[in-house]
DNA sequence: AAGGCGGGGTA
DNA sequence: TACCCAGCCTT
């Protein structure tokens, strides 16, 4: 039996019931694909539901403020996705009268839409024969065909794209693309795949040569860098604190945080006190400095390990820059900050 | 081609 | 701990 026939048979018997499978509306498909980039279905699902509920059309999303979009995205990570999502919604609403591009080539021009997402939308919504290539597809193809070209090399990308494009069911590209991803996600998993019940196990090279754990091959990325973050949690007697918006290029762009002092190593109370005495938020006011967590909270990102200490600064009266503590949950914050806010008793 | 960009889950 | 996830963008 041909590759795609085995696959679609498996899919019809094993596919999960997911909300974006009930529609071919490009807005909802696009939304789901952006949310699911580098994100497991289980994690992305509640965010998809929330976005559909709050922004039922592309115009609703376009009319929102970026800060509100980021707030709804809070906790999902890779926040450039949310910024690009919002920017693209505005473009589609204003320049394209709310109508999405209907082909791979034009979809690829949208901010935040790369090869994978353009192929996904083009195939699912418009039946274009464009094979998707995501982590699942790489894994399935590399194992079944025994391809050991690194999947995160440009050579690998070309090779696997061509292979997938040859295999795709030309009569039903939408079904094939979703099926191969689902197969990779739930059957041909990274760890302990279900080879014993796999419909491909007679033809799978990795299985028959006992190379399941070696494939796919991936070039290792650099180790995460350590950073030391000290967040200054101002608390005034008039129940205000200070949040600042992260500008610039780095992580958490356009999200809010407590004023940050980054140090080369962990810093003790005395040294920090000396260092912030001239902080322009204090304006020479007397203040009390308390260390909230004795051991740094280690927040691990894929590329940075953040050794984090929260410092409480009690002051008499705060500043025009202050915000009411009662409003703190209106701001989009990194989950590291959000967890602190939930655990800290501000009363 | 390489690195930056989150947060959660698995073994 | 190491690796992975319906990747994309910048340099």
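Read-outs throughout are calculated quantities, based only on the coordinates presented, and are distinct from any laboratory measurement. Quantities reported herein were computed from a predicted structural model and do not represent experimental measurements. FYI the Cβ positions are ideal-geometry reconstructions off the backbone, even for glycines, and counts take in every protein chain you see.
A few comments on the model shown:
- Among the residues making up the stretch A:265-308, those that are within 16 Å of DNA strand B (Cβ to nearest atom) and touching a strand residue (DSSP E or B) at 6+ places or on another chain (Cβ under 8 Å) are A:296, A:297, A:298, A:299, A:300, A:303, A:304, A:305, A:306, A:307, A:308.
- Checked against (1) surrounded by 14 or more Cβ atoms within 10 Å (Cβ to Cβ); (2) within 15 Å of DNA strand B (Cβ to nearest atom); (3) under 19 Å from residue A:334 (Cα atoms), residue A:38 passes all but condition (1).
- Inspection of the stretch A:250-259 finds a residue satisfying the criterion of being without any contact (Cβ under 8 Å) to a residue 24 or more places away in the chain, surrounded by fewer than 18 Cβ atoms within 10 Å (Cβ to Cβ) and more than 22 Å from residue A:327 (Cβ to Cβ).
- Restricting the stretch A:198-227 to residues that are within 15 Å of DNA strand B (Cβ to nearest atom) and not in a loop (DSSP other than H, G, I, E, B), the residue that is nearest to residue A:272 (Cα to Cα): A:227
- Of all residues in the stretch A:99-114, those being in contact (Cβ under 8 Å) with a residue 12 or more places away in the chain and surrounded by 16 or more Cβ atoms within 10 Å (Cβ to Cβ) number 6.
- Residue A:148 falls short on exactly one of the conditions (1) within 26 Å of residue A:251 (Cβ to Cβ); (2) surrounded by fewer than 17 Cβ atoms within 10 Å (Cβ to Cβ); (3) in contact (Cβ under 8 Å) with a residue 60 or more places away in the chain, and that condition is (1).
- Output for the stretch A:95-112, where each listed residue is touching a helix residue (DSSP H, G or I) at 6+ places or on another chain (Cβ under 7 Å) and outside any loop (DSSP other than H, G, I, E, B): A:104, A:107
- Taking first residues from the stretch A:176-196 that are more than 30 Å from residue A:126 (Cβ to Cβ) and partners that are in a loop (DSSP other than H, G, I, E, B) and more than 13 Å from DNA strand B (Cβ to nearest atom), the Cβ contacts under 6 Å between residues at least 6 apart in sequence or on separate chains come to A:195/A:201.
- Residue A:12, sole failed condition from (1) within 30 Å of residue A:246 (Cβ to Cβ); (2) free of Cβ contacts under 8 Å to residues at least 24 places away in the same chain: (1)
- Residue count, the stretch A:41-69 (criterion: over 14 Å from residue A:89 (Cα atoms), within 16 Å of DNA strand C (Cβ to nearest atom) and in contact (Cβ under 8 Å) with a residue 12 or more places away in the chain): 7
- Reported count of residues in the stretch A:57-85, each being within 14 Å of residue A:332 (Cβ to Cβ) and over 15 Å from the mean Cα position of the chain (by Cα), is 5.
- Restricted to strands (runs of 3 or more DSSP E) entirely inside the stretch A:262-347, those with at least 2 residues that are in contact with a helix residue (DSSP H, G or I) (Cβ under 6 Å, 6 or more places away or on another chain) are A:287-291.
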